[in-house]
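See structure below.
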Amino acid sequence: MRFGQSPVDRHQRAGIGMTSARTRQRLVSQLQENGVSHPRVLEVMANTPRHLFLDQALSHRAYEDTALPIGHNQTLSRPYTVARMSELLLSSGKAEKVLEVGTGSGYQTSVLAQLVPRLFTMERIEPLLNRARTRLQGMGITNVVYRHGDGYAGWPDREPFDGIMVTAAPAEVPKALQWQLAEGGCMVIPVGTGEQHLLKITRSGNYFAKQKVEAANFVPLLNGLS
Ligand code: SAH
């Protein structure tokens, strides 16, 4: 994938030293130190310009391994989290058609879009969704379908999905989402209020095997549209 072709992109990249290959390579080394090992995921993390997903005032912090604000009380996920969740989603094999709940800035969306053939992403805050769509289109990413919708209900007219990634935390796994997994499909989702855990859920017929991966810290999955 080539970046840097659109006028917006050229403008945002101009004079920004933090886009250097060395800065991104440092981030990738940090991800590896934290246990991320999937070669394609590391490659995509190294090639994705995270500063394009932030306001200019914050873009100098884009390659720190930390969550950052994107407005509307929401955050851009920490690179480690994005890489780890992507790696988990790919670990169950087939991930041809994937649903992402919580588009936010579109950063995780842009990473996933480079890892899977077909991506469906939904967001409850319309201005965030529109901004993310414009950014990804400006980057030349064309394999994503966008929807302003409530992730608790999932995307019934596009199911089943080989993978579902949720980037905000509900108190419990939403049942509707679970049933939109394909046979053998897997969902990566943070769950819990107060204390949260990242879960990997794998569907086998009517059974959903739950694996607790690690502690997590996400904004809450909220009901309804905004
Ligand atoms: N992955 C994003 C970060 C997302 S923060 C990024 O890389 O920028 C979580 C996002 O989930 C927020 O944008 C929030 O508005 C959205 N969200 C919360 N509840 C939701 C719901 N029920 N349906 C869809 N999106 C939701």
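The values are calculated or read from the model by the stated rules, or taken from the named source; none is laboratory data. What you are looking at is a predicted structure, and each value in this text was computed from that prediction instead of being measured. Virtual Cβ from ideal backbone geometry, glycine too; neighbours counted across all protein chains shown. These area figures cover heavy atoms from the full protein model, side chains too; ligands, DNA and RNA do not enter into them. Shrake-Rupley method; radii C 1.70, N 1.55, O 1.52, S 1.80 Å.
Here are the numbers for this structure:
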read-out: Over the stretch 97-179: Kirkwood hydrodynamic radius from C-alpha pairwise inverse distances, Å; value: 12.6
read-out: Contact order relative to length of the chain, as percent, for alpha carbon pairs under 8 angstrom and 6 or more apart; value: 16
read-out: Point-charge dipole on Cβ atoms (K/R +1, D/E -1) for the stretch 9-216, about Cα centre, debye to 20; value: 420
read-out: Share of pairwise Cα separations in the stretch 9-216, more than 22 Å, in percent; value: 46
read-out: Range in the chain, longest, excluding exposed GluC sites (Glu not before Pro) [loop by DSSP; at most 13 other beta-carbon atoms within 10 Å]; value: 1-95
read-out: The stretch 162-226-the stretch 112-142 distance, computed between alpha-carbon centres (Å); value: 20
read-out: Spin-label pair residue 78/residue 61, simplified geometry with 7 Å Cα→Cβ offset, distance in nm; value: 1.4
read-out: Farthest positive-ward along the stretch 9-216 dipole, Cα basis, beta-carbon charges - from 38, 90, 163; value: 38
read-out: Under 17 Å from residue 175, Cα to Cα: aspartates and glutamates that are on another chain or at least 8 residues apart; value: 100, 150, 157, 159, 162, 183
read-out: The chain - accessible surface per residue (Å², probe 1.4 Å); value: 45
read-out: In Å, descending, principal axis extents of the Cα set of the stretch 57-150; value: 39, 27, 26
